Amino acid sequence: MPRPLPETLAERSALREDFIARGYGDDGHLLYGRVTWNDSAGVARRTAITIEITDAFPFAPPKVRLDHGAPGSDPVPSTFHLETDDALCLFDADTTVEGAAWRQAALLERRIIGWFERAAAGWPGDDDCDLERYLPPSDHFITYDSTALAGLTGTFATSRSAIVTRITDRQLTPPKAGSRAQRKDRRSLAWVGDLGAVTRPIRSWSDLAEALGTDVAEAERHIRGGYVDLLVLRYSRGAVHGVLVLHAALEPGRIALHGCQGADTSLATRTLRAGAPAQVLAAQRIAIVGCGAVGSYIADLLFKAGAGRLTLIDPQELRPGNLVRHIASADDVGKPKVVAVRNHLVRTGLPVDDVKVRIVSVSTPHDAIDITRAHTVIIDATADARASALLTFAADDVGARLVAACLQREGGIARVDRWPLLAGEAHVPPVPEHVVEGVRERGCGDLVSLTPPHSVSTAATLAVRVVLDLLAPEQHLPATVLEVLTPQDDAPYDHVGRLSLAPSASAA
Amino acid sequence: MAHLGEQFKQVLTNIEPNTDDVTNAAAAHANVRKVLKADYTLASWGIDPILIGSYAREVSILRVKDVDVFGRLTTPPDSLTPGKALDEFGRVLDKAYGDRVKPQHRSFMVDFPDFGLTVDAVPARRCGDHWELPSRPEARAKWVETNPTQLGQLATDMNKDSRYPQIGSQGVYVPTVKMVRQIRRAQLGKTPPGGLYLEICAYSAFKDGLGTHSTWAGYLTAALRGIADILEDAVEGDLKDPTLDNSTISTKATDDERQKAADAFVAAAELAAKALKETDPCQSAVLWAQLFGDNDDGPVFELPANCNADGTTRSAATLITPGATRVPAGTGRYS
């Protein structure tokens with residue numbers, strides 16, 4: 001085992017001496033002592049603990065454990081926030097290291113006493129739904145759809161791959177014990193049940209039996225029948241609901257339980273992390289015109305944020321040279337860009353039924369007006385002079401919401417313009433073009449812009465922010481958001497950062 | 001006070017017999033045991049050899065240099081004389097090991113050069129509740145009472161009994177005896193009295209009481225003080241044998257050597273007290289390092305990595321200074 005880092009030795013030593021001064025024994029590995037705390041009736045209790053200053057100290061707290069071997073120690077009943085190795089869970093992962101309470105003996109001891117007192121009181125206000133941590137871990141990764149299984153109990157089919165086991169919503173009648181069907185069909189099923197409100201962790205089969213009540217007989221019968229090895233158990237703590245997934249294995253004289261990693265695949269859970277704008281975006285029908293580099297990232301960000309109703313419009317095919325800046329993968333080379341982007345969205349696992357593709361260009365006023373009338377938001381990611389002119393005209397004509405995003409100066413400038421303009425608003429003047437010796441891809445007529453990939457994601461992110469601002473009750477962003485990513489030779493583009501320019505009345 | 005708990009834990013690791021020691025000691029014992037049991041005469045006397053000594057009591061330290069085999073004769077003839085017992089042992093071992101055998105007053109030392117250790121084999125017969133072994137310091141041998149297995153039991157009891165010092169659930173006695181043996185080796189070298197004599201002194205010191213401490217440094221300091229007092233008393237008088245009533249421990253050490261040992265342990269006790277009282281961990285560590293000396297693997301008490309050899313602390317620039325762990329973005333971050 002590596003020795004503690006020299007830089008940490010002084011603080012480790014000081015903490016040990018501090019605990020020794022408080023009456024703790026020290027065998028060089030563990031510190032041994034007792035803490036006095038008050039139970040919920042106000043009676044003083046004294047419980048023996050050990051403290052291990054681990055190699056991670058001071059960047060992680062010492063491990064404080066119950067010392068079961070110490071004579072005359074007041075016991076602590078099975079409780080939450082106690083790890084499988086009897087370590088007290090005293091600090092959450094977000095506790096800052098600088099000034100952490102675990103770096104001083106007096107503060108650490110006070111935290112330990114607080115733990116005992118909260119445990120004795122049943123953890124008031126605690127609603128952590130992480131019951132799987134109280135069991136030895138299983139390496140099974142289980143997915144289930146909590147919406148599909150809501151309110152159901154019984155045996156369900158599973159679908160197993162090398163890495164993930166999926167609990168399906170196909171309820172099956174378990175084979176009768178001893179039947180030919182049972183002997184013949186040893187498929188492993190999952191049993192779905194309900195624990196209700198839990199007041200203490202599940203650490204063993206007997207704990208589970210107590211929590212399940214009369215239902216435990218059914219679960220046990222299925223496990224001993226050899227065709228159920230997974231238990232999917234709904235539970236609640238306070239107002240929060242969780243699901244505990246257990247792997248059950250028959251061992252001599254007992255049923256061994258291991259906690260699985262369980263992941264909910266319901267749409268509600270998949271979209272939970274999308275953030276606050278999800279509902280607003282879900283109500284929109286958004287056209288993304290131009291599914292090249294910037295457009296592909298805009299599609300990805302908006303879709304994941306909750307915009308499930310998209311129309312992707314672009315006439316071109318994906319080329320290998322596009323991949324360094326495009327969201328699509330090499331599998332889609334040769335396919336239309338819109339198809340490549342949709343295939344990427346499919347791989348998120350979110351529903352794509354309302355993602356439409358149109359392998360066309362916007363080349364006539366009718367095209368542009370049809371698009372603007374059929375969508376609540378139009379995004380111009382074409383960087384095509386004619387298409388952009390058509391979309392600008394159509395948005396103005398129809399009064400539609402339009403957001404145009406692009407990169408300029410080889411990715412040194414990201415620019416997003418939006419319509420409609422508010423009273424008194426105007427767009428920032430065009431960035432003067434710098435003529436650069438061009439690079440052409442063999443077999444492709446147009447000049448290739450040497451814009452780096454990170455500029456693409458910056459422009460896309462700016463565009464999405466402008467879209468969200470546009471959909472908000474009040475706009476806080478100006479009509480043009482222009483960000484200098486690489487300082488240019490000419491003012492005012494010679495400093496990195498967001499540009500605030502007084503809009504000109506002559507702006508396009 | 002600097003207790004240097006992690007350093008003391010490392011000391012106990014550094015003085016622990018290594019796997020070679022353990023393997024070689026077991027092999028040497030098995031070899032001698034096999035030789036003794038294979039002899040017809042000894043077999044007819046019910047030879048039943050067992051390990052005794054520091055190795056059997058688990059108080060040996062690195063390197064294990066000798067192993068003691070107690071050749072119990074469970075059914076000897078009543079007429080067996082001590083001289084005859086020694087002669088038969090000598091015959092059997094000479095035949096097996098030739099010039100690797102060296103007879104002593106009451107045992108035979110068999111050299112195992114490949115293992116780097118010797119085996120002391122001693123015959124013994126039952127004497128009431130304990131045993132007696134033949135001793136031949138002069139021409140005529142005699143039976144001398146002994147109870148070597150009892151010392152092992154006393155050591156085990158002292159280490160496990162909660163009435164005696166414990167740190168957590170670990171007995172203090174056996175680790176302290178090991179540290180005392182190492183200190184004896186560092187301060188006295190090959191000069192007697194040997195490790196067993198000091199072990200008996202340590203046992204007596206524990207029996208007399210060391211007071212209540214909570215660390216290795218604290219208990220060792222108290223033990224060294226107790227041992228020093230007992231050694232000083234034993235220079236003029238005798239050292240009581242805790243395994244036999246009305247019996248004292250004999251030693252090859254002369255009066256001068258016993259005085260020298262007493263002086264050395266008085267100095268050791270004072271050095272330990274000074275080290276324990278020292279508040280600077282590096283200064284304290286240097287004193288402990290002097291006390292423990294070296295073994296085959298190097299310094300037994302390793303200085304903490306943030307200490308210089310002269311007891312000064314390494315540059316403060318290498319410490320975790322206030323602010324060094326501050327994360328500018330604070331909490332509530334996501335990535």
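Some points to look at:
- For the stretch B:99-144, filtered to residues that are under 17 Å from residue B:52 (Cα atoms) and among the polar types (S, T, N, Q), the residue that is surrounded by the most Cβ atoms within 10 Å (Cβ to Cβ) is B:107.
- Residue check, residue B:280 surrounded by fewer than 17 Cβ atoms within 10 Å (Cβ to Cβ) and either modelled with pLDDT of 85 or more or under 25 Å from residue B:209 (Cα atoms) (or both): yes
- Residue match in the stretch B:66-75 (condition: more than 28 Å from residue B:153 (Cβ to Cβ), more than 22 Å from the chain's Cα centre (by Cα) and modelled with pLDDT under 95): no
- The residue of the stretch B:283-318 that is farthest from the chain's Cα centre (by Cα), among those that are exposed (fewer than 15 other Cβ atoms within 10 Å of the Cβ) and assigned to a loop (DSSP other than H, G, I, E, B), is B:315.
- Every residue from the stretch A:133-146 that is of a type outside the set (Phe, Trp, Tyr) and within 19 Å of the chain's Cα centre (by Cα): A:142, A:143, A:145, A:146
- A count restricted to the stretch B:203-223 and to residues that are β-branched (Val, Ile, Thr) and either buried (at least 18 other Cβ atoms within 10 Å of the Cβ) or more than 14 Å from chain A (Cβ to nearest Cβ) (or both) stands at 2.
- So residue A:43, is it more than 12 Å from chain B (Cβ to nearest Cβ), surrounded by 12 or more Cβ atoms within 10 Å (Cβ to Cβ) and either of a type outside the set (D, E, K, R) or over 18 Å from residue A:112 (Cβ atoms) (or both): no
- A residue that is more than 7 Å from chain B (Cβ to nearest Cβ), in contact with a helix residue (DSSP H, G or I) (Cβ under 8 Å, 6 or more places away or on another chain) and at pLDDT below 95 can be found somewhere in the stretch A:10-30.
- Close pairs from the stretch B:308-335: first at the interface with another protein chain (Cβ under 8 Å from one of its Cβ atoms), partner at pLDDT below 75, Cβ under 9 Å, at least 6 apart: B:313/B:319
- Every condition in (1) surrounded by fewer than 19 Cβ atoms within 10 Å (Cβ to Cβ); (2) away from chain B (no Cβ under 14 Å); (3) of a type in the set (D, E, K, R) is met by residue A:63 except one, and the failing one is (1).
- Test for residue A:25: is it on the phi < 0 side of the Ramachandran plot and in contact with a Ser or Thr (Cβ under 6 Å, 6 or more places away or on another chain): yes
- Test for residue B:188: is it farther than 30 Å from residue B:6 by Cα and either more than 14 Å from chain A (Cβ to nearest Cβ) or surrounded by fewer than 20 Cβ atoms within 10 Å (Cβ to Cβ) (or both): no
- Residue match in the stretch B:26-40 (condition: of a type in the set (Phe, Trp, Tyr), crowded, with 18+ Cβ neighbours inside 10 Å and out of contact with any Lys or Arg (no Cβ under 7 Å at 6 or more places or on another chain)): no
- Contact map, the stretch B:144-168: first residue more than 19 Å from residue A:67 (Cα to Cα), second residue crowded, with 19+ Cβ neighbours inside 10 Å and among the hydroxyl-bearing types (Ser, Thr, Tyr), Cβ cut-off under 6 Å, separation 6 or more or different chains; pairs are B:144/B:135; B:147/B:243; B:150/B:243; B:151/B:243; B:158/B:173; B:159/B:173.
- For residue B:96: the one exception among (1) surrounded by 16 or more Cβ atoms within 10 Å (Cβ to Cβ); (2) without any contact (Cβ under 8 Å) to a residue 60 or more places away in the chain; (3) of a type in the set (Gly, Ala, Ser): (2)
- Filtered residue count, the stretch A:101-131, keeping only those that are hydrophobic (A, V, I, L, M, F, W, C), under 31 Å from the mean Cα position of the chain (by Cα), modelled with pLDDT under 95 and more than 10 Å from residue A:80 (Cα to Cα): 1
- Condition broken by residue A:53, with the remaining ones in (1) crowded, with 19+ Cβ neighbours inside 10 Å; (2) more than 21 Å from residue A:20 (Cβ to Cβ); (3) within 14 Å of chain B (Cβ to nearest Cβ); (4) among the aliphatic types (A, V, I, L, M) satisfied: (2)
- The lone exception for residue B:212 - which of (1) under 21 Å from the mean Cα position of the chain (by Cα); (2) not in a helix (DSSP H, G or I) it fails: (1)
- Only listed residue being under 23 Å from the mean Cα position of the chain (by Cα) and either under 28 Å from residue A:4 (Cβ atoms) or part of a loop (DSSP other than H, G, I, E, B) (or both), chosen from B:321, B:221: B:221
- Residue ranges of helices (runs of 4 or more DSSP H) in the stretch B:2-76 with at least 3 members among the charged types (D, E, K, R): B:19-38
- Test: residue in the stretch B:269-280 that is without any contact (Cβ under 8 Å) to a residue 12 or more places away in the chain, away from chain A (no Cβ under 14 Å) and either in contact with a Phe, Trp or Tyr (Cβ under 8 Å, 6 or more places away or on another chain) or closer than 30 Å to residue B:235 by Cα (or both): yes
- On inspection, residue B:155 fails the criterion of being surrounded by fewer than 22 Cβ atoms within 10 Å (Cβ to Cβ) and in a helix (DSSP H, G or I).
The values are calculated or read from the model by the stated rules, or taken from the named source; none is laboratory data. All figures in this text were calculated on a predicted structure; none of them were measured in a lab. As a convention, Cβ positions derive from the backbone with ideal geometry for all residues, glycine included, and neighbour counts pool all protein chains shown.
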